[in-house]
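Taken together, the values in this text are just the output of simple stated rules run on the coordinates, not laboratory data. Bear in mind that the values here come from a model prediction, so they are computed numbers and not experimental data. So basically every Cβ, Gly included, is an ideal-geometry build from the backbone, and we count neighbours across all protein chains shown.
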Amino acid sequence: MTALESLVSEYNSEMRSTRRMLERIPPDRLEWRPHVKSFSAGDLAAHIVDSVDWLEHIFTRDEFDFDPRTYKSSPGDSLSALLAKLDGQVAAGTSILAGLDEAALASHWRLKVFGKVRVDRPKAVAFRDFTLSHMIHHRGQLSVYLRLLDVPVPGVYGPTADELG
């Protein structure tokens, strides 16, 4: 298996797990938050969905100049809209990945903030950091939200206590 094939396989697996986790959020609990300093469930879900979009930023250009003043996250007020956005991003990401070769993974990508380079890494590393690892981290947080809401938590890397009975 090539590095690209491995990355595509991991992407597909993580996207399926992410969708299963997001589907479990009760639509009437999107405003719920476990602590005043925490994201609401809907905003956390939106952040997870937004992290998937970094694949496009990384693999379709060599740099991205991020301006936090103009950044607009996805609204976290409709679960069906978030799932539809996720599905669209996954389809677009799958298409982008299908057009890559091994050399594309090694080429460098830069993240700038207000024009200043903050990150300069091979695209494969940037993709893992900004899309996969970032999304997995927040998906873990979402699993705690589900547990606190008494919603059965779906398995990701194996069955959960809910699935084992």
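Overview of results
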| quantity | calculated |
| --- | --- |
| Inter-part distance where region 138-165 and region 76-103 are each reduced to a Cα centre, Å | 23 Å |
| Low-density loop positions, GluC sites (Glu not before Pro), region 1-61 - DSSP coil, at most 11 other Cβ in 10 Å | Glu31 |
| Exposed chymotrypsin sites (Phe, Trp or Tyr not before Pro) absent - longest run of the chain, DSSP non-H/G/I/E/B, at most 14 other C-beta within 10 Å | 1-70 |
| Antiparallel content of DSSP bridges confined to region 1-158, in %, to 5 | 60 percent |
| Cα-based helix-to-principal-axis angle, 134-148 vs the chain, degrees rounded to 10 | 0 degrees |
| Tensor-based shape of region 97-161 (alpha-carbon gyration tensor, a/c under 1.5 rounded, otherwise prolate or oblate) | oblate |
| Contour excess over end-to-end distance, with Cα ends at Ser107 and Asp162 and 0.36 nm allotted per residue | 15.5 nm |
| Point-to-point label distance, Thr2-Asp150, nm (Cα→Cβ direction, 7 Å offset) | 5.2 nm |
| Percent of C-alpha pairs per 5 Å bin, the chain, short to long | 1, 8, 17, 20, 18, 15, 11, 6, 2, 0, 0 |
| Pairwise FRET efficiency - Arg69 versus Val36, Cβ, R0 = 22 Å, nearest 0.05 | 0.35 |
